[in-house]
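In what follows, a structure is listed as structure tokens, so that the remarks can point back to it.
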């Protein structure tokens, strides 16, 4: 039991962060606007969660300009992918063990 | 246990986010039904205008001069059906996306459009070339084939049923090119009947 809980990563406790990781797991890159649409959160809220994931090295940020407007794209890192997969496996095991 | 509910909810949300961010799910079954009806009406008009007039055979290499007018009318008819079908699909998708609280022009929608556009544009150009060479009979098989390929190609980014619809269209397209005298019939089956059948299935499955 304890071991499953160890694999549940603290960073994914927040619903918004879990959402960001889920979306990035199946999309090569997503920009800020797209993430905002999917998650239905405010700019500030999303930005702070993205910062937190960036700090964990779970996502990478690529800044560029599209039509002279700043465009920020997010990519899941290998480390992030691994952590996310472990998190899902842990969730599954926890659910199964409680059945 | 309270935590168990939370874990299940987490998994459900992961799944829903993965689906919503990769699949265009605002497609309405009703637009399929409407497209099918337009196609059947169009096929009937084409049958009356072109098949009855000159016996039946549109598929031989026909003198260009003689056929230009009829072909122009046929192209106009095809374009009218196309615009009506796409217009209806856009309007109904807009309504559905509003109801579901989704943005219609999201990255999944863009992927569907791009993946459909590549086979369709190639097919469109190919068909114009066929017409310019007087190979009118291949109009129906070629539209079925390229449309089927477009559906299979785009199906990864929308409802999975679209893939089997695409395969059905490809099969009908191949049959239509072999039994070329029944081209219009196969076309009516593919664009008319199959759209209506799939439209009803999708409507019952996802919009009830």
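Per-residue answers, yes or no, for (1) in contact with a helix residue (DSSP H, G or I) (Cβ under 7 Å, 6 or more places away or on another chain); (2) modelled with pLDDT under 95; (3) surrounded by fewer than 20 Cβ atoms within 10 Å (Cβ to Cβ):
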{"site": "B:144", "(1), (2), (3)": "yes, no, no"}
{"site": "B:151", "(1), (2), (3)": "yes, no, no"}
{"site": "B:160", "(1), (2), (3)": "no, yes, yes"}
{"site": "B:165", "(1), (2), (3)": "yes, no, no"}
{"site": "B:170", "(1), (2), (3)": "yes, no, yes"}
{"site": "B:183", "(1), (2), (3)": "yes, yes, no"}
{"site": "B:186", "(1), (2), (3)": "yes, no, no"}
{"site": "B:189", "(1), (2), (3)": "yes, no, no"}
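Scoring residue A:65 on the criteria (1) outside any helix (DSSP H, G or I); (2) closer than 28 Å to residue B:101 by Cβ leaves a single failure, condition (2).
Conditions (1) modelled with pLDDT of 90 or more; (2) under 22 Å from residue B:106 (Cα atoms), marked per residue:
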site	(1), (2)
A:7	no, no
A:21	yes, yes
A:32	yes, yes
A:83	yes, no
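Inspection of region A:5-20 identifies at least one residue that is farther than 15 Å from residue B:12 by Cα and facing another protein chain (nearest Cβ under 9 Å). The residue that is farthest from the chain's Cα centre (by Cα), among those in region B:18-49 that are within 13 Å of chain A (Cβ to nearest Cβ) and either surrounded by fewer than 14 Cβ atoms within 10 Å (Cβ to Cβ) or free of Cβ contacts under 8 Å to residues at least 60 places away in the same chain (or both), is B:18. When A:47, A:23 are checked against the criterion of being buried (at least 18 other Cβ atoms within 10 Å of the Cβ) and either out of contact with any strand residue (DSSP E or B) (no Cβ under 7 Å at 6 or more places or on another chain) or assigned to a helix (DSSP H, G or I) (or both), A:23 stands alone in meeting it. Does at least one position in region B:148-170 carry a residue that is over 16 Å from the mean Cα position of the chain (by Cα) and assigned to a helix (DSSP H, G or I)? Checking region B:148-170: not a single residue is over 16 Å from the mean Cα position of the chain (by Cα) and assigned to a helix (DSSP H, G or I).
All conditions but one from (1) surrounded by fewer than 20 Cβ atoms within 10 Å (Cβ to Cβ); (2) closer than 20 Å to residue B:49 by Cβ apply to residue B:101; the one that does not is (2). Considering region A:66-92, and only residues there that are within 11 Å of chain B (Cβ to nearest Cβ) and surrounded by 16 or more Cβ atoms within 10 Å (Cβ to Cβ), the residue that is nearest to residue A:47 (Cα to Cα) turns out to be A:84.
Cβ separations smaller than 6 Å between residues 6+ apart or across chains give the following pairs from region B:95-117 residues that are under 24 Å from residue B:144 (Cα atoms) to residues that are assigned to a helix (DSSP H, G or I): B:111/B:157; B:112/B:154; B:112/B:157; B:115/B:153; B:115/B:154; B:116/B:150; B:116/B:154.
Within region B:1-17, residues that are at the interface with chain A (Cβ under 7 Å from one of its Cβ atoms) have Cβ atoms under 6 Å from residues that are modelled with pLDDT of 90 or more in these pairs: B:14/A:22; B:17/A:19; B:17/A:22; B:17/A:23, counting only partners at least 6 apart in sequence or on another chain.
The values are calculated or read from the model by the stated rules, or taken from the named source; none is laboratory data. Keep in mind it's a predicted model, so treat the numbers as computed, not measured. Cβ coordinates were reconstructed from backbone atoms using ideal geometry, including for glycine residues, and neighbour counts include every protein chain displayed.
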